[in-house]
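The values are calculated or read from the model by the stated rules, or taken from the named source; none is laboratory data. These numbers were taken from a predicted model, which means no experiment stands behind them. Every residue, glycine among them, receives a Cβ derived from its backbone with ideal geometry; neighbour counts consider all protein chains shown. Areas reflect the complete protein model, heavy atoms only, side chains present, ligands, DNA and RNA absent. Shrake-Rupley method; radii C 1.70, N 1.55, O 1.52, S 1.80 Å.
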Amino acid sequence: MAEEVWAQLKAGLEGDGDVVLPDGSVHSWFLDPAVTRAANGQLTNGDTYFLNDVSSWELRTEAVTAVPNLFLAGDHVRTYSNVDFTCMETANEAGRRAANGVLAAAGADGADEVRLFTGAEPPGFAALKAVDRTRYRLGLPHMDF
């Protein structure tokens, strides 16, 4: 996996023939031990999927931090769309908010801002969230599907 990632980085950065990443420059790498190769050669991940805990949104940081010139993006960043769980959509929104923070710090006018989306809750989520809230109040764990 490390070799594949390295090859893709080189291909993306050295497309015009310039050597940007010399082969000997990798210091080290780490692959989560939960990622293993099955007997059929397929990679598998033994870790369970991360799902937000109740009230974790309040613990997340903003994309624009109190530290000047430090902007954060990823599905761990607080977002304001209706999608409040880890996914590419929340990571994308956090990236857009971070980009707007960079633009504001650079003195760009508002016309240059990256467009933000309000988000939409998928059908059926309101009912599932209501069940989850009830289970939480009763001291029950999240439902496994």
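If each residue of separation counts as 0.36 nm, what is the full-extension length gain between ALA104 and LEU31 once their alpha-carbon separation is subtracted?
Using 0.36 nm per residue and subtracting the Cα-Cα distance, I get 22.6 nm.
Positive end of the charge dipole of the chain (Lys, Arg +1 and Asp, Glu -1 on Cβ, about the Cα centre): tell me which of VAL64, THR36, LEU51 has its Cα farthest that way.
In the chain, that residue is LEU51.
So what is the orientation-averaged projected area of the stretch 79-145, using the convex hull of its C-alpha atoms, in nm²?
For the Cα atoms of the stretch 79-145, the hull's average projected area reads 6.0 nm².
For the chain, which whole percent of the accessible surface, found with a 1.4 angstrom probe, sits on carbon and sulfur atoms?
59
How about the stretch 88-121: which trypsin sites (Lys or Arg not before Pro) there are in a DSSP loop, with at most 13 other Cβ atoms within 10 Å of their Cβ?
Passing sites in the stretch 88-121 are ARG115.
Using 0.36 nm per residue, how much length does the chain from LYS129 to THR61 gain when fully extended, once their Cα-Cα distance is taken away?
22.2 nm
Which of ASP23, ASP75, ASP132 ends up with the largest GNM mean-square fluctuation for the chain, with Cα atoms connected below 10 Å?
ASP23
Figure the gain on full extension for ASN52 and GLU14 (residue separation times 0.36 nm, minus the Cα-Cα span) and round it to one decimal in nm.
Working it through step by step, the gained length comes to 9.8 nm.
In whole angstrom, and with the biggest value first, how far do the Cα coordinates of the stretch 1-84 range along each principal axis?
For the stretch 1-84, the Cα extents along the three principal axes come out at 44, 42, 23 Å.
Please compute the per residue accessible area over the chain with all protein chains in place, 1.4 Å probe, rounded to a whole number of Å².
Using a 1.4 Å probe on heavy atoms only, each residue of the chain averages 75 Å².
Rounded to two decimals, what is the ratio between the C-alpha radius of gyration of the chain and 2.2 N^0.38 Å?
In units of the globular-protein estimate, the chain measures up at 1.40.
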